[in-house]
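Engineer: Below is the structure I would like to discuss, written out as structure tokens.
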Amino acid sequence: MADLMHLFLQPLSYPFMVRGLLASVMVGTLCAVIGTYVVLRGMAFFGDALAHAILPGVAGAYLLQISLFWGALIMGLLTAVAIGYVSQRGQVKEDTAIGVIFAACLALGVALLSTVQTYSVDLTHILFGDVLGVSDTDLWLTAGLGLLVLLAVVLLYKELLVISFDPILAATLRLPLNALHYLLLVLIALTVVVSLQTVGVALMVAMLVTPAATAYLLTRRLWHMMIVGAVVGAVSSVAGLYLSFHLNVASGAAVVLVCTFFFVLAFLFAPRQGVVWSWWRGRKAAHQALIEQ
Amino acid sequence: MTPTLEVKNLTVAYNGANALEGVSFRIGAAERVAIVGPNGAGKSTLFKAMVGLLHPSQGTTETNGAEIGYVTQHSDVDKTFPVTVHDVVMMGRIGRMGWLRWQRPHDREVVRRCLAQVGMLEYANRQIGELSGGQQQRVFIARALAQEATILLMDEPFAGVDVPSQEVILEILDRLRSQGVILLVSLHDLNLAVERFDRLALLNRRLIAFGPPRQVVTPETLAEAYGGQALWRGEDYALVLGDISCCDEEGHTHG
């Protein structure tokens, strides 16, 4: 028992671990809530692209010696609006627009970073996150912006729900569809930027999609999905970070693997839609039919 | 207040060509009007222009302040979306609630009343995808009622709906009419339109005829609307041949 307590408490004696845990929980929660819309609106590719597209912002800020956060923020917002604009113009399909912009930004980011001496170390941190390097300032920024995003999600709950479920009804209700759509893109961009340090660019999409998808399998109302997703995201973040500490594996990867583990559990055992129960019900029905014959 | 609806000279252009040309009609009393016509006749376009989803190049839709509710084809939304029947009908209240407002007891009361009107109250907590096509259609009618709409536009409400459910929906429409609601229903089934509706609007880009079914359905008007696809079978029946496959209306392919 004492050993078990030790496993839990020992990491907490390091301030960087405490900050990392706080940051992970906030990011896990936030990503899952916004991820609900990413999953329901089929925006996984957009989320992935957006995460990669902020690379030049980060690299530029690094070269200019200003806060990486602001570089990422500006680039994230710019990309979100650019993708929204190009796809709404309708000359090319949305996934094509995303592909073009995302690859261009990634290339620009790599080009900028490759001029730096410590290229590979910096790139690794940006790609995979550096949760143990989270500073107090980062924590406050994450908390502040995260709360802002959550506040928008709560205050505009019914509007974002209706534009996602039935845009035609939203239009007949005279809701500003375009403005709300862009707002959602900006909220996703803010989430990505806030989560950058903790999860990194490459695994961001997992935090946006996996906890929300797990919750999707387990719930049938939007706000239930948000809450269950947030719990899955937060628990995975804590569990992943502990695993990372004790097994000495990369933290972002550990968090994502725990998320995926929960998803697989839900996929197999979800009460209504789970693979195992469907199979079991099918077998029982077949058995029943056989007896009745 | 009895709703009135007047469509004046409505013209809608799609990619340079007119999808609707100078459509005018007026509905004053509580009436059940069927809009019939071949595929691509502009039935969905007419509805979309009337509720402001499409901008007409000419013409107007006027009501005496009555709210128009648009019941789209139930196949148009994602049935796996995590919303319950109650949630779906509550969406109709959004316009009444206003920004930054949560639902109040009054809104929940209206939602329950509208669900009861279509006989779906006991399904309030089901996820929308767990219902049959006909039941979903009733939920979407309830949602339009929750908007406090007294003019309902319904796009192919019987598409993919079995016959018993069709009867249930027709009974609901009867009740709504007796409460003074104006109903405009687009249909593929000409026989159903003739038998069960007060007036018919025969549409093929232009409004070919508008009035009581027996006056609207004549060999001449049918030939004009359907070309060779319609067969005149005496006074009571009109049979539409050829492409009666439901219901890919013109609007969807043009996005």
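The values are calculated or read from the model by the stated rules, or taken from the named source; none is laboratory data. Bear in mind the structure is a predicted one, so any value in this text is a computation, not a measurement. Neighbour counts are summed over all protein chains in view; Cβ atoms, including those assigned to glycine, are modelled from backbone coordinates with ideal geometry.
Engineer: Among the candidates A:Leu150, A:Leu139, which residue alone is farther than 29 Å from A:Leu64 by Cβ, modelled with pLDDT of 90 or more and away from chain B (no Cβ under 14 Å)?
Structural biologist: Being farther than 29 Å from A:Leu64 by Cβ, modelled with pLDDT of 90 or more and away from chain B (no Cβ under 14 Å) holds for just one of A:Leu150, A:Leu139, which is A:Leu150.
Engineer: In region A:104-153, which residues are polar (S, T, N, Q), in a helix (DSSP H, G or I) and within 26 Å of A:Val238 (Cβ to Cβ)? Outline the logic, then answer.
Structural biologist: Our first condition is that a residue be polar (S, T, N, Q); within region A:104-153, this holds for A:114-115, A:117-118, A:120, A:124, A:135, A:137, A:142.
Those left that are additionally in a helix (DSSP H, G or I): A:120, A:124, A:137, A:142.
Answer for region A:104-153, where residues must be polar (S, T, N, Q), in a helix (DSSP H, G or I) and within 26 Å of A:Val238 (Cβ to Cβ): A:Thr124, A:Thr137, A:Thr142.
Engineer: When you go through (1) modelled with pLDDT of 90 or more; (2) touching a His at 6+ places or on another chain (Cβ under 9 Å); (3) more than 17 Å from B:Ala144 (Cβ to Cβ) one by one for B:Asn39, which number turns out not to apply?
Structural biologist: (1)
Engineer: For region A:29-45, which positions are at pLDDT below 95 and part of a helix (DSSP H, G or I)?
Structural biologist: Result: A:Ala44, A:Phe45.
Engineer: Here's something else I'd like to know. Report every pair of residues separated by at least 6 positions or lying on different chains whose Cβ atoms are under 6 Å apart, first residue within region B:135-148 and crowded, with 24+ Cβ neighbours inside 10 Å, second small (Gly, Ala, Ser).
Structural biologist: Close Cβ pairs satisfying both conditions: B:Arg143/B:Gly92; B:Ala144/B:Gly69; B:Ala146/B:Gly92; B:Gln147/B:Gly69; B:Gln147/B:Gly92.
Engineer: Scan region B:129-137 and give yes if some residue there is small (Gly, Ala, Ser), more than 12 Å from chain A (Cβ to nearest Cβ), farther than 21 Å from A:Leu173 by Cα and in contact with an Asp or Glu (Cβ under 7 Å, 6 or more places away or on another chain), otherwise no.
Structural biologist: Looking through region B:129-137, at least one residue is small (Gly, Ala, Ser), more than 12 Å from chain A (Cβ to nearest Cβ), farther than 21 Å from A:Leu173 by Cα and in contact with an Asp or Glu (Cβ under 7 Å, 6 or more places away or on another chain).
Engineer: For A:Ala49, state whether it is within 28 Å of A:Ser135 (Cα to Cα) and crowded, with 17+ Cβ neighbours inside 10 Å.
Structural biologist: Yes, satisfied.
Engineer: Now, a different point. Taking into account only those residues within region A:154-166 that are part of a helix (DSSP H, G or I) and within 9 Å of another protein chain (Cβ to nearest Cβ), which is surrounded by the most Cβ atoms within 10 Å (Cβ to Cβ)?
Structural biologist: A:Val162
Engineer: Kindly establish whether A:Val86 is over 27 Å from A:Ser24 (Cα atoms), in contact with a helix residue (DSSP H, G or I) (Cβ under 7 Å, 6 or more places away or on another chain) and not in a helix (DSSP H, G or I). Talk me through it step by step, then tell me what you get.
Structural biologist: Details: over 27 Å from A:Ser24 (Cα atoms): yes; in contact with a helix residue (DSSP H, G or I) (Cβ under 7 Å, 6 or more places away or on another chain): yes; not in a helix (DSSP H, G or I): no.
Spelling it out, it is not the case that A:Val86 is over 27 Å from A:Ser24 (Cα atoms), in contact with a helix residue (DSSP H, G or I) (Cβ under 7 Å, 6 or more places away or on another chain) and not in a helix (DSSP H, G or I).
Engineer: Can you name the residue in region A:83-104 that is small (Gly, Ala, Ser) and surrounded by 17 or more Cβ atoms within 10 Å (Cβ to Cβ) and is also modelled with the lowest pLDDT among such residues?
Structural biologist: In this case the residue turns out to be A:Ser87.
Engineer: Check region A:263-282 and report whether any residue there is buried (at least 21 other Cβ atoms within 10 Å of the Cβ), touching a Lys or Arg at 6+ places or on another chain (Cβ under 9 Å) and not hydroxyl-bearing (Ser, Thr, Tyr).
Structural biologist: no
Engineer: Still on this structure, I have one more. If only one of A:Leu161, A:Leu132, A:Leu175 is under 21 Å from the mean Cα position of the chain (by Cα) and at pLDDT 90 or above, which one is it?
Structural biologist: Working: A:Leu132 fails: at pLDDT 90 or above; A:Leu175 fails: under 21 Å from the mean Cα position of the chain (by Cα).
The unique qualifying residue is A:Leu161.
Engineer: Could you list, in sequence order, all residues of region A:183-201 that are more than 22 Å from A:Phe16 (Cβ to Cβ) and either more than 14 Å from chain B (Cβ to nearest Cβ) or in a loop (DSSP other than H, G, I, E, B) (or both)?
Structural biologist: We begin by selecting, within region A:183-201, every residue more than 22 Å from A:Phe16 (Cβ to Cβ); these are A:183-192.
Those that are more than 22 Å from A:Phe16 (Cβ to Cβ) and either more than 14 Å from chain B (Cβ to nearest Cβ) or in a loop (DSSP other than H, G, I, E, B) (or both): A:Leu184, A:Leu185, A:Val186, A:Leu187, A:Ile188, A:Ala189, A:Leu190, A:Thr191, A:Val192.
Engineer: What about A:Val149, is it hydrophobic (A, V, I, L, M, F, W, C) and surrounded by fewer than 18 Cβ atoms within 10 Å (Cβ to Cβ)?
Structural biologist: On the way: hydrophobic (A, V, I, L, M, F, W, C): yes; surrounded by fewer than 18 Cβ atoms within 10 Å (Cβ to Cβ): no.
It is false that A:Val149 is hydrophobic (A, V, I, L, M, F, W, C) and surrounded by fewer than 18 Cβ atoms within 10 Å (Cβ to Cβ).
Engineer: In region B:31-70, what count of residues is obtained for those that are out of contact with any Ser or Thr (no Cβ under 7 Å at 6 or more places or on another chain) and away from every other protein chain (no Cβ under 14 Å)?
Structural biologist: 15
Engineer: Which condition number in (1) in contact (Cβ under 8 Å) with a residue 12 or more places away in the chain; (2) surrounded by 18 or more Cβ atoms within 10 Å (Cβ to Cβ); (3) within 30 Å of B:Asp155 (Cβ to Cβ) is the one that A:Leu173 fails?
Structural biologist: With respect to (1) in contact (Cβ under 8 Å) with a residue 12 or more places away in the chain; (2) surrounded by 18 or more Cβ atoms within 10 Å (Cβ to Cβ); (3) within 30 Å of B:Asp155 (Cβ to Cβ), A:Leu173 is out only on (1).
Engineer: Please return the ranges of strands (runs of 3 or more DSSP E) entirely within region B:1-83 where 2 or more residues are within 25 Å of B:Ser132 (Cα to Cα) and under 19 Å from the mean Cα position of the chain (by Cα). Let's see the steps before the verdict.
Structural biologist: Values: elements: B:5-14, B:17-27, B:32-36, B:58-63, B:68-71.
Filter on region B:1-83 gives B:32-36, B:68-71.
Engineer: Residues of region B:71-108 being at the interface with another protein chain (Cβ under 10 Å from one of its Cβ atoms), under 21 Å from B:Leu152 (Cα atoms) and among the acidic types (Asp, Glu), which ones?
Structural biologist: Within region B:71-108, B:Asp76, B:Asp87 meet the criteria.
Engineer: I would also like to ask the following. Give the residue that is farthest from the other protein chains (Cβ to nearest Cβ), with candidates limited to residues of region A:210-237 that are over 21 Å from B:Asp87 (Cα atoms) and buried (at least 24 other Cβ atoms within 10 Å of the Cβ).
Structural biologist: Result: A:Ser237.
Engineer: Evaluate the following for B:Leu53: is it of a type outside the set (Ser, Thr, Tyr) and crowded, with 21+ Cβ neighbours inside 10 Å?
Structural biologist: Spelling it out, it is not the case that B:Leu53 is of a type outside the set (Ser, Thr, Tyr) and crowded, with 21+ Cβ neighbours inside 10 Å.
Engineer: Pick from region A:202-255 the residues that are outside any helix (DSSP H, G or I) and under 18 Å from A:Asp48 (Cα atoms): which of them is farthest from the chain's Cα centre (by Cα)? Spell out the reasoning first.
Structural biologist: At the first step, the residues of region A:202-255 found to be outside any helix (DSSP H, G or I) are A:202-203, A:219-221, A:248-250.
Next, only the ones that are under 18 Å from A:Asp48 (Cα atoms) stay: A:202-203.
Values: A:Ala202: 11, A:Leu203: 8 Å.
If we take residues in region A:202-255 being outside any helix (DSSP H, G or I) and under 18 Å from A:Asp48 (Cα atoms), then A:Ala202 is farthest from the chain's Cα centre (by Cα).
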